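First comes the structure, then the notes that go with it.
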Amino acid sequence: MRTCSRSAPEGYSEIIGGSERIASYDLLLQRIREHDLRRRPSSGTLDLRATARCPHGGFGMGIERVVTWICGLDHLREAIPYARTLNRLYP
């Protein structure tokens, strides 16, 4: 798997990340065995590799981290619109 990430200046941590998944069923199964992982949680991923062997990648941006950086906030919690607390787990 190839990964890439970019950090914001001034110590605001990673704001953008991307990766490319293993497209080969055989290689993925080999890695699962090498790391002695249970096969059941990965069965959906293995099924996808067995039927659709198209390489693909992913990209993600932490919107809250970008807002924290742009607004110069002191903590990430201040940028989360629906923060989870002990008394509120759902928005």
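The values are calculated or read from the model by the stated rules, or taken from the named source; none is laboratory data. Values in this document were obtained by computation on a predicted structure and should not be read as measured data. Using ideal geometry, Cβ is built from the backbone for each residue, glycine included, and neighbour counts are taken over all protein chains shown. We work out accessible area using only protein heavy atoms, side chains counted, and drop any ligands, DNA or RNA first. Shrake-Rupley method; radii C 1.70, N 1.55, O 1.52, S 1.80 Å.
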Output the residue which, of all residues in the range 33-64 that are basic (Lys, Arg) and modelled with pLDDT under 85, is least open to solvent (accessible area, probe 1.4 Å).
Arg49
Six or more apart or on different chains, Cβ under 7 Å: which pairs go from a residue in the range 69-87 that's surrounded by 10 or more Cβ atoms within 10 Å (Cβ to Cβ) to one that's modelled with pLDDT under 85 and hydroxyl-bearing (Ser, Thr, Tyr)? Could you list them?
Trp69/Tyr12
